[in-house]
1. Find out how many positive minus negative residues lie around residue 170, taking Lys and Arg as positive, Asp and Glu as negative, among other residues whose Cβ is under 11 Å from that of residue 170.
2. Once you treat every alpha carbon in the chain as an equal point and sum by Debye, what is log10 I(q)/I(0) at q = 0.07 Å⁻¹?
3. Hey, got the dipole for the chain? About the Cα centre, +1 on K and R Cβ, -1 on D and E Cβ, debye to the nearest 20?
4. Which value, in debye to the nearest 20, gives the size of the charge dipole of segment 232-382 about its Cα centre, when Lys and Arg are +1 and Asp and Glu are -1 at the Cβ?
5. In the chain, which longest range has no trypsin sites (Lys or Arg not before Pro) that are both DSSP loop (not H, G, I, E or B) and surrounded by at most 15 other Cβ atoms within 10 Å?
6. Net charge around residue 179, counting only other residues with Cβ within less than 14 Å of its Cβ (Lys, Arg = +1; Asp, Glu = -1)?
7. Among 277, 344, 306, whose Cα lies farthest out toward the positive end of the dipole of the chain, if unit charges sit on the beta carbon of Lys, Arg (+1) and Asp, Glu (-1)?
8. Could you state the per residue volume, in Å³, of the convex hull enclosing the Cα atoms of segment 162-288?
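A short reminder: the numbers here are calculations on the coordinates, not readings from a lab. Keep in mind that this is a model prediction, so the values were computed, not measured. Because the Cβ atoms are built from the backbone with ideal geometry, glycine has one as well, and the counts that use them run over all protein chains shown.
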Amino acid sequence: MDFHLSHEQIALQKTVRDFAAKEIAPLAIEIDRDARFPAETFKKLADMGLLGLLIPKGYGGRGDTVLACCVVSEEIARACASTSMSYLTHSVLFSHNLTCNGSEEQKKKYLPDAAAGKTIGAIAMTEPNAGSDVLSIETSGARDGDDYIINGRKTFITNAPVADVFLVYVRTDKNLGSHGISQFIIEKGRPGFSVGKPFQKMGMRGSPTGELFFENCRVPAKNLVKGENKALGILMGGLDVERTVGGAMAVGLAQAAFERALVYARTRQQFGQLLIMFEMIAEKLANMSMEIEASRLLTYKAATLCDEGVRCSAEASHAKLFASETSVRVACEAVQILGGYGYMKENEVERMMRDAKLGTIGGGTSEIQRLIIAREVVKRSMA
Ligand SMILES: Cc1cc2nc3c(=O)[nH]c(=O)nc-3n(C[C@H](O)[C@H](O)[C@H](O)COP(=O)(O)OP(=O)(O)OC[C@H]3O[C@@H](n4cnc5c(N)ncnc54)[C@H](O)[C@@H]3O)c2cc1C
């Protein structure tokens, strides 16, 4: 196993790190305070070719690897977790999903604009009564000639207030359970489709989240992705990459909190000594550093398996679960190490603590990741 990034990946990492320090980090406090989506950053990410990182070159993207996407997501999250959350949704949950599953016509129509940042993408599965139990969705799609009539409601949808195009999961057959779900491409502005006001959130406040409402919304059958009742395969096929890149986002956030705590411990004196000289503080920093490195390696391993085309539900869940729980612990410890100063907004670790918590809820909760891992462990033990 090769534990090293390639020269190209290291160069990409440096480019994104420099850009993020200069252009993303300075906005982080303000977009959190005002709950503002940083549209200007998205334009710059598009100019750098990063919005289309996983989109093939033939559709205006870079055609890069999942590992490269992890490297980029980690660097963006290190500067601002909210920005990386909206980035992940646009470039992976929307663009990569459509790259893998869309028809030639759909890819030509939607991917070049997504890569160029002319449109922002979102994905809508969750409903008020279907969260972890996502396959129980009730939003319905009834065939009517060349169209489907869609009725229902989606909630907690990242980018909803700013997105132009959505991948929406809809029940098209009540009798087929998890096999009766379809995915549709639905554009903003279609009659019968409206977006609610942004939610006021605890963290990730620069990444807007909202509700979608469908009232007799007529969508052409040609907007079906892969065909009627094919969404289960789409959903399952995308989870490994989505969870792996979600892990990378958590690694970046944890790294940022760790760096703040380390600098502080090396400069703050109490009882005539630097904090780092107190063993209890040094132990915290040692544990933080170890858990971040373990998270990063789990993420890189899962990304490498994704790039090799290997199904890796357990490895992707290991990465997402361990990295997101690590980022919660690390951000919390960073606040502790900064003491009262850590509790103040200007020092940013309190924002990181609030942002980190989303990682254990969105994209499948920690409890659901443990269920997946347990199921895989049993399956592999019987193989
Ligand atoms: C900021 C934010 C952004 C989001 N973005 C999107 C998005 O872009 N698109 C989208 O479709 N969704 C999105 N979501 C929704 C997210 O994926 C769900 O919140 C998540 O899957 C959990 O669903 P729920 O909130 O309904 O919780 P529930 O499923 O009701 O779970 C509540 C609690 O019960 C636990 N639980 C549930 N089932 C089990 C079980 N079988 N065993 C043990 N414990 C269990 C859960 O782990 C959790 O602790 C977002 C959520 C948030 C908060």
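1. So the surrounding residues net to -2.
2. Computed log10 I(q)/I(0) values: -0.31.
3. Here the chain has a charge dipole of around 300 debye.
4. With Lys and Arg at +1 and Asp and Glu at -1, about 200 debye.
5. Here the longest segment lacking exposed loop sites spans 175-310.
6. Around residue 179, the surrounding residues sum to +2.
7. Selected residue: 344.
8. Dividing the Cα hull volume of segment 162-288 by its residues yields 162 Å³.
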